[in-house]
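Worksheet for the structure shown next.
The values are calculated or read from the model by the stated rules, or taken from the named source; none is laboratory data. Keep in mind the model is a prediction, meaning the values are calculated, not measured. In this analysis, Cβ positions are derived from the backbone assuming ideal geometry, glycine residues included, and neighbour counts consider all displayed protein chains. All accessible areas refer to the heavy atoms of the entire protein, side chains included, with ligands and DNA or RNA removed. Shrake-Rupley method; radii C 1.70, N 1.55, O 1.52, S 1.80 Å.
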Number of protein chains: 2
Amino acid sequence: MALTEKEGRKRVVIEGITPAVDDGRFPVKRTVGDRVQVEADIFTDGHDAISATLLARREGAKKWIEIPMQTMGPGTDRWSATFRVAELGRYSFKVQGWVDHFVTWHRDLLKRIAAGTDAAVDYMIGADLLAAASERAAGRDASWLKERAELLRATAIATELRTQATDLKLFEAMLRYPDRRFVTESDREYSIVVDPVIARFSAWYEFFPRSTAAEPGKHGTFADCERRLPYVAEMGFNVVYLPPIHPIGVNFRKGRNNNPVSKPGDYGSPWAIGAAEGGHKAIHPDLGTLEEFQSFVKKAKELELAVALDIAFQAAPDHPYVKEHENWFKKRPDGTVQYAENPPKKYQDIYPFDFESEDWKGMWEELKSVFDYWLAQGITIFRVDNPHTKAFPFWTWVIPEIKREHPEALFLAEAFTRPKVMYRLAKVGFSQSYTYFPWRNEKAELTAYLTELAQTPVREFFRPNQWPNTPDILTEFLQAGGRAVFGIRLLLAATLGANYGIYGPAFELMEHEPVKRGGEEYLDSEKYEIRSWDLDRADSLRPLIARVNEIRNSNQALQNDWSIKFHACENDQLICYTKESPDGGNLILTIVNLDPDNTQSGFVTLPLEELQIPADRGYEAEDLLTGTRYLWNGPRNYLELNPAKLPGHILRIQRKLKVETDFDYFL
Amino acid sequence: MALTEKEGRKRVVIEGITPAVDDGRFPVKRTVGDRVQVEADIFTDGHDAISATLLARREGAKKWIEIPMQTMGPGTDRWSATFRVAELGRYSFKVQGWVDHFVTWHRDLLKRIAAGTDAAVDYMIGADLLAAASERAAGRDASWLKERAELLRATAIATELRTQATDLKLFEAMLRYPDRRFVTESDREYSIVVDPVIARFSAWYEFFPRSTAAEPGKHGTFADCERRLPYVAEMGFNVVYLPPIHPIGVNFRKGRNNNPVSKPGDYGSPWAIGAAEGGHKAIHPDLGTLEEFQSFVKKAKELELAVALDIAFQAAPDHPYVKEHENWFKKRPDGTVQYAENPPKKYQDIYPFDFESEDWKGMWEELKSVFDYWLAQGITIFRVDNPHTKAFPFWTWVIPEIKREHPEALFLAEAFTRPKVMYRLAKVGFSQSYTYFPWRNEKAELTAYLTELAQTPVREFFRPNQWPNTPDILTEFLQAGGRAVFGIRLLLAATLGANYGIYGPAFELMEHEPVKRGGEEYLDSEKYEIRSWDLDRADSLRPLIARVNEIRNSNQALQNDWSIKFHACENDQLICYTKESPDGGNLILTIVNLDPDNTQSGFVTLPLEELQIPADRGYEAEDLLTGTRYLWNGPRNYLELNPAKLPGHILRIQRKLKVETDFDYFL
């Protein structure tokens, strides 16, 4: 082991830096304006005092900003500091620590003075430390420290010496010029991706553009979609997401209800992308023109709705790529192109890209250009279809590459697959991810899953987007049908997930018939045909959805995932949790009856101290869904939820009821 | 991001490799003959099959040994393989994974055949894969694979084709020549330090050599020590550890009971190392000569006792280093050398080394040469005094540097300090470590602590050595005195710790008077004076210690720390745990009454299935301390322990009682 001149004397150890993903291999995720708390184990041998500093900068900036770190408690060896990520983009941070002989001297001197054992030599040592610091100091500080060093050497009267040596001004000045000759620096830099706030808090509404025509059976257009927008905006959503809007392949086109054979007049699946009219950068002629699409986007922005597009990297057999870039697809020995299959099932309407292509670089660039094209149209949110069937190195490259130019861009990973695969996609760059939420119905499994997502290191890279349904997923729970069933899943999604979404109008109209029992496909799925929806149906969940989104939009507690705490309730059909705003001022308690068929009741126990609710006064729980106010007292409170009326409470907790002394007139 | 020609197509992801310390920054620890189980998350995009391999080698070897990894279960994405570390020294390992198109093809073909959808083109694809493999193959395999490829192309009869394509011999041949063009390799190599078995399993006995003279008050010699050895060996210990054997400083020598002022005839503390006669490589003249020391070591070896020496890197004021290497010590402005202090306390008999010395390299080399000197005398075990007051970079350098030449060398860290500091010392190289065991008396705290040490990643680098007492630590529990008190701590140390030690004869003679209550110093401590011990006292714990060590030496279950499992007992004064041998054949259940004053009883509940005890038959628990045999049945069994007799059971479990069918004559 060769030793450089300094490293042998770098006595401080730095370990266990957080936040970090896989020890810094991947960036952690934050949103604009967040305060990032950095922690590290920092210590040295023996009893010398140490100092530590956090260095942070926006990526590309030349200068590091230094923030002194503070110990998190005696004996913990844990230090922390926070800084604010004020801008979109990437930040870096690292940590430094050093043995601080001045701080050691100062600490020990105070002990010696207290014990009356301070001796002349102790002040001489101090004088030397001051003189050395004056060499590192600039301007007035330099000469001032030098004078103070002389003073310590020259003063003979003990009381005066003590006063001089322990002067606060001197202490502060010395901290400005530490001796960092043997500073230890963390052995790597850690990255943070700072996304727009909508990455952390968003309510998504998905609809099929072709199902928006006023006249049943007619192909909807962007003009129809534009007319649909106020309906979505009034329900309080933030993102409107469209399945693919591109030309649909003709060869091997799927018929209704996923029939391998289509009939004339069948519209096919929007995910079978590409035809004579074009591919991933073209628009389906029946939907309209690029100008009409732009008008739709403009209207959405006016209504404060972001538009998300679906990016599905696969080609129908008649996609122009298939001819233009033969080598992006796998050829079989008989000269045919390899279609997608999961033997013995065949998906002949879909050609997957071959990520082992000799021309992978050319293909990557072209695929990136698809994002670039839609970014140029003002689209910044992409729901990526089945990213786990494309090579990981591609995502590892393309997402940071795009975000370098467009730090506002967001990518939602539609991967319903094994946990490690889903987590890897999030690590390499996806901003949000679909989750297993659709299949989590029981209290224990919801609690375990949400705890994993919100309370473990997973949260540093994986941002859940909770969907009760999608065009592919009509869960068995939803197939039971009815207002209570859909209400339960809505309340859970919208309060468990700061990010959530529904596939409508199927959701608000409680569409629940599957093609066949045991499967999750909708009967007469919009994926293969045009549907016409009666949005004004009297039993629509639209008002409830609007109320829930309004509550979300006006309560910061529901705009984050990390503050969730689950609370005890003896009845396993009642799930109970709180969330609060970063400043703690907004506290929301949600209770949901997971049983759609029966009234359930029980006592809920709140940890008052942890929630900072005074134990000696009453507090108020206001149901934001109904406006009812409950006066509660103590940790245990009785609840009864009739799912036929409303399957849950969203309660805003006012931590203490005011008494006479809270008012001005009292004094 | 620049991309090399291959990395874009490296589709396999490798993550979460274990065992590893701090993501591979430090080696994990094993002992000779261990099987190392390596695990990793390995997966790829989509549905292609993958293959993975573990590569391992002894450090310095040119060739990697490859061991195919196996999946640990569908959906886990976790793969594993094991290899044996047969020799002392360091090993390295890494992991490779690749998309395996042949395995994919084979898997899918079986599905196609089952569904009757296998087509000619599928066999053509297979033929191409075989042909490509034949290019990678050598000799007969190459031509044979080529032939088989031709056969697949030429065969027209479906049944024959199927037989040929799914031939096991072909499958095995193809696995020998995988296509690893786009292999992914773990992004670092991981290290393993392989120590002698005594690093994992050892019973230490510490005694002061100067207290061994037959005549009370006389200074013991190595010859006396040699005569003491059979006493130690007969108790079944494996390591005999001597406090420092070097000349003791005269200036500021400590008197009896740590008196800052010594009287003529006081012997001083062996840790105040160095005088006119020499320093860390010299022997205290009263103990004898180097030859006499060598004779002592030889005798110990004959008795299968390893000798451990104390290495305390500090100097008495009259240590030759102080004059010869002035710059290894801190000078104060008044020209004096900085003695050790913890203000306002002063330790003027000790000069610490200055690890910020300009000549740190020279100092490091000299300190290393102290180890080298004693290694040359055949000493391979070092108990290092207060390593946490020496700079971490020194240990990080010196231990691997020594072990490079002497992989058999072991280092026990005597650091009773904050957990992160203790763990760091273990990470950078210490083979064993003292622990907080002396102060863990209650069931909950023992369970929590042992679980942390044996069941978390801590165990990969930190090997506990459990001591109930040391010359510095007479705990308040021991101060209560009596056979039960000492018996409890002995049974716990010897069964909780595969490595444990006692400071004797103080321990077996139940020495328990402190200098003052509230402290942990022994009255009339051997650290400052010569003691004379009556080894033949009738109440000595010697027989119990001998029995316990005999049990340890003959039961593999007690020779490891990792297998420990704690079991339920309603009585909080009874602690109950099992350990088993690596092959599971030896199962030991220990139950200790933690209350030295009262008989305690209760039901112990064993998880029969987890312990592989058949639930439908009786089993036997044989108390190895007394020879009593208990016939038990079912998970719950009643126990009663009278500490006045014996405070614990060490029960060997025979998992099932034999019945008629277990014997040859039955059939």
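Can you tell me which condition residue B:429 does not meet? The list is (1) under 15 Å from residue B:27 (Cβ atoms); (2) more than 13 Å from chain A (Cβ to nearest Cβ), and all the others hold.
(2)
Can you confirm whether residue A:90 is at negative phi and within 11 Å of another protein chain (Cβ to nearest Cβ)? Please lay out each step first, then the result.
On the way: at negative phi: yes; within 11 Å of another protein chain (Cβ to nearest Cβ): no.
So residue A:90 fails the test.
Yes or no: the stretch A:107-124 includes at least one residue that is on the phi > 0 side of the Ramachandran plot and out of contact with any Asp or Glu (no Cβ under 8 Å at 6 or more places or on another chain). Steps first, please.
Within the stretch A:107-124, the first condition is being on the phi > 0 side of the Ramachandran plot, and the residues that meet it are A:116.
Those left that are additionally out of contact with any Asp or Glu (no Cβ under 8 Å at 6 or more places or on another chain): A:116.
The answer is yes, given that some residue of the stretch A:107-124 is on the phi > 0 side of the Ramachandran plot and out of contact with any Asp or Glu (no Cβ under 8 Å at 6 or more places or on another chain).
If residue B:393 satisfies all but one of (1) assigned to a helix (DSSP H, G or I); (2) surrounded by fewer than 19 Cβ atoms within 10 Å (Cβ to Cβ); (3) more than 15 Å from the chain's Cα centre (by Cα), what's the number of the condition it fails?
(2)
Let me spell it out: the conditions are (1) more than 14 Å from every other protein chain (Cβ to nearest Cβ); (2) farther than 30 Å from residue A:149 by Cβ, and residue B:325 meets all of them except one. Which number is the exception?
(2)
Is it the case that some residue within the stretch A:101-116 is touching a residue at least 60 places away in the same chain (Cβ under 8 Å), under 21 Å from residue A:44 (Cβ atoms), within 11 Å of chain B (Cβ to nearest Cβ) and surrounded by 21 or more Cβ atoms within 10 Å (Cβ to Cβ)?
no
Which condition from (1) assigned to a loop (DSSP other than H, G, I, E, B); (2) out of contact with any strand residue (DSSP E or B) (no Cβ under 8 Å at 6 or more places or on another chain) is the one that residue A:379 breaks?
The one condition residue A:379 does not meet is (2).
Hey, could you check the stretch A:345-365 for residues that are assigned to a helix (DSSP H, G or I) and buried (at least 19 other Cβ atoms within 10 Å of the Cβ) and say which is farthest from the other protein chains (Cβ to nearest Cβ)? Talk me through it step by step, then tell me what you get.
Taking the stretch A:345-365 as the starting set, the residues that turn out to be assigned to a helix (DSSP H, G or I) are A:360-365.
Add one more test, that the residue is buried (at least 19 other Cβ atoms within 10 Å of the Cβ), and what stays is A:360, A:363-364.
Working: A:360: 5, A:363: 9, A:364: 7 Å.
My answer is A:363.
If you check B:74, B:27, which single one turns out to be at pLDDT below 95 and either under 26 Å from residue B:404 (Cβ atoms) or not aromatic (Phe, Trp, Tyr) (or both)?
On the way: B:27 fails: at pLDDT below 95.
When all the criteria are applied, what remains is B:74.
Search the stretch B:416-460 for residues being surrounded by fewer than 20 Cβ atoms within 10 Å (Cβ to Cβ), of a type in the set (Phe, Trp, Tyr) and not in a helix (DSSP H, G or I), and hand back the single one that is farthest from the chain's Cα centre (by Cα).
Going through the qualifying residues, I end up with B:416.
With the requirement that a residue be in contact (Cβ under 8 Å) with a residue 24 or more places away in the chain and open to solvent by 20 Å² or more (accessible area, probe 1.4 Å), what does the stretch B:220-241 give you? It would help to see each step written out before you state the result.
Within the stretch B:220-241, the subset in contact (Cβ under 8 Å) with a residue 24 or more places away in the chain is B:220-223, B:225-226, B:229-241.
Matches in the stretch B:220-241: B:221, B:223, B:226, B:230, B:233, B:234, B:238.
Within the stretch B:53-68, is there a residue that is within 12 Å of chain A (Cβ to nearest Cβ) and either more than 18 Å from residue B:175 (Cα to Cα) or surrounded by 15 or more Cβ atoms within 10 Å (Cβ to Cβ) (or both)?
Kept after step one, since they are within 12 Å of chain A (Cβ to nearest Cβ), are these residues of the stretch B:53-68: none.
No, the conditions are met nowhere in the stretch B:53-68.
I want to confirm something. Restricting to the stretch B:31-50 and keeping residues that are charged (D, E, K, R) and within 12 Å of chain A (Cβ to nearest Cβ), which single residue is nearest to residue B:498 (Cα to Cα)? Outline the logic, then answer.
Residues of the stretch B:31-50 charged (D, E, K, R): B:34-35, B:39, B:41, B:45, B:48.
Then keep just the ones that are within 12 Å of chain A (Cβ to nearest Cβ); that gives B:41, B:45, B:48.
Working: B:41: 32, B:45: 45, B:48: 46 Å.
Taking the candidates together, the pick is B:41.
Picking from A:11, A:30, which residue would you name as being crowded, with 17+ Cβ neighbours inside 10 Å and part of a loop (DSSP other than H, G, I, E, B)? Spell out how you get there, then give the answer.
Details: A:30 fails: part of a loop (DSSP other than H, G, I, E, B).
One residue alone meets the criteria, A:11.
Cβ-Cβ under 9 Å, sequence separation 6+ or interchain: first residue in the stretch B:541-561 and among the acidic types (Asp, Glu), partner crowded, with 19+ Cβ neighbours inside 10 Å and in a helix (DSSP H, G or I). Which pairs?
If the second residue must be crowded, with 19+ Cβ neighbours inside 10 Å and in a helix (DSSP H, G or I), the pairs left are B:561/B:450; B:561/B:453; B:561/B:454; B:561/B:496.
Report yes if residue A:276 is among the hydrophobic types (A, V, I, L, M, F, W, C), within 36 Å of the chain's Cα centre (by Cα) and modelled with pLDDT of 95 or more, otherwise no. Spell out how you get there, then give the answer.
Working: among the hydrophobic types (A, V, I, L, M, F, W, C): yes; within 36 Å of the chain's Cα centre (by Cα): no; modelled with pLDDT of 95 or more: yes.
Considered against the rule, which asks whether it is among the hydrophobic types (A, V, I, L, M, F, W, C), within 36 Å of the chain's Cα centre (by Cα) and modelled with pLDDT of 95 or more, residue A:276 comes out as no.
Could you pull out the residue among A:184, A:221, A:212 that is within 14 Å of another protein chain (Cβ to nearest Cβ) and among the β-branched types (Val, Ile, Thr)?
Details: A:221 fails: within 14 Å of another protein chain (Cβ to nearest Cβ); A:212 fails: within 14 Å of another protein chain (Cβ to nearest Cβ).
The match here is A:184.
Give me the pairs: first residue in the stretch A:422-443 and within 16 Å of residue B:44 (Cα to Cα), second residue at pLDDT below 95 and of a type outside the set (A, V, I, L, M), beta-carbon distance under 9 Å, and six or more apart or on different chains, which are they?
Listed pairs, sorted by first residue: none to list.
Among the candidates B:138, B:154, single out the residue that is at pLDDT below 95, under 52 Å from the mean Cα position of the chain (by Cα) and of a type outside the set (Ser, Thr, Tyr). So that I can check it myself, show each step before the final result.
Numbers: B:154 fails: under 52 Å from the mean Cα position of the chain (by Cα).
Sole residue among the options that is at pLDDT below 95, under 52 Å from the mean Cα position of the chain (by Cα) and of a type outside the set (Ser, Thr, Tyr): B:138.
I'm trying to understand the selection: among the residues of the stretch B:390-399, which are free of Cβ contacts under 8 Å to residues at least 40 places away in the same chain and either of a type outside the set (Ser, Thr, Tyr) or within 8 Å of chain A (Cβ to nearest Cβ) (or both)? Quick ask: steps written out before the conclusion?
Residues of the stretch B:390-399 that are free of Cβ contacts under 8 Å to residues at least 40 places away in the same chain, as a first pass: B:391-399.
B:391, B:392, B:393, B:394, B:395, B:397, B:398, B:399, listed by residue number.
Every residue, every condition in (1) out of contact with any strand residue (DSSP E or B) (no Cβ under 9 Å at 6 or more places or on another chain); (2) closer than 26 Å to residue B:487 by Cα; (3) open to solvent by 70 Å² or more (accessible area, probe 1.4 Å), yes or no:
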residue	(1), (2), (3)
B:567	no, yes, no
B:571	no, yes, no
B:577	no, yes, no
B:583	yes, no, yes
B:603	no, yes, yes
B:606	no, yes, no
B:610	no, no, yes
B:623	no, yes, no
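Just to verify a result, which residue in the stretch A:625-639, among those that are in a loop (DSSP other than H, G, I, E, B) and touching a residue at least 24 places away in the same chain (Cβ under 8 Å), is surrounded by the fewest Cβ atoms within 10 Å (Cβ to Cβ)?
Just the residues of the stretch A:625-639 that are in a loop (DSSP other than H, G, I, E, B), to begin with: A:625-628, A:633-635.
Retained after the next criterion (residues that are touching a residue at least 24 places away in the same chain (Cβ under 8 Å)): A:625, A:634-635.
On the way: A:625: 18, A:634: 13, A:635: 17.
Filtering first and then ranking leaves A:634.
Given the structure, is residue A:73 open to solvent by less than 20 Å² (accessible area, probe 1.4 Å) and assigned to a loop (DSSP other than H, G, I, E, B)?
On the way: open to solvent by less than 20 Å² (accessible area, probe 1.4 Å): yes; assigned to a loop (DSSP other than H, G, I, E, B): yes.
Here the answer is yes, as residue A:73 does meet what is asked.
Applying the selection to the stretch B:76-100, what residues are surrounded by fewer than 21 Cβ atoms within 10 Å (Cβ to Cβ) and part of a loop (DSSP other than H, G, I, E, B)?
B:76, B:86, B:87, B:88
Hey, among B:315, B:300, which residue is away from chain A (no Cβ under 14 Å), touching a Leu at 6+ places or on another chain (Cβ under 6 Å) and open to solvent by less than 10 Å² (accessible area, probe 1.4 Å)?
Working: B:315 fails: touching a Leu at 6+ places or on another chain (Cβ under 6 Å).
Answer to the check: B:300.
Give the residues of the stretch B:366-389 that are within 11 Å of chain A (Cβ to nearest Cβ) and buried (at least 22 other Cβ atoms within 10 Å of the Cβ), sorted by residue number.
Initial filter on the stretch B:366-389 (within 11 Å of chain A (Cβ to nearest Cβ)): B:386-389.
Once the filter is applied, which keeps residues that are within 11 Å of chain A (Cβ to nearest Cβ) and buried (at least 22 other Cβ atoms within 10 Å of the Cβ), the stretch B:366-389 yields B:387, B:388.
Give me a count of the residues in the stretch A:640-667 that are outside any loop (DSSP other than H, G, I, E, B) and either closer than 21 Å to residue A:551 by Cα or among the basic types (Lys, Arg) (or both). Please lay out each step first, then the result.
At the first step, the residues of the stretch A:640-667 found to be outside any loop (DSSP other than H, G, I, E, B) are A:640-641, A:648-654, A:660-662, A:664-666.
Filter once more, so that each one left must be either closer than 21 Å to residue A:551 by Cα or among the basic types (Lys, Arg) (or both): A:641, A:648-654.
The qualifying residues number 8.
Just give me the residues in the stretch B:120-141 being small (Gly, Ala, Ser) and open to solvent by 20 Å² or more (accessible area, probe 1.4 Å), in sequence order. Outline the logic, then answer.
Pass one, the stretch B:120-141, residues small (Gly, Ala, Ser): B:120, B:126-127, B:131-134, B:137-139.
Answer for the stretch B:120-141, where residues must be small (Gly, Ala, Ser) and open to solvent by 20 Å² or more (accessible area, probe 1.4 Å): B:120, B:131, B:132, B:138, B:139.
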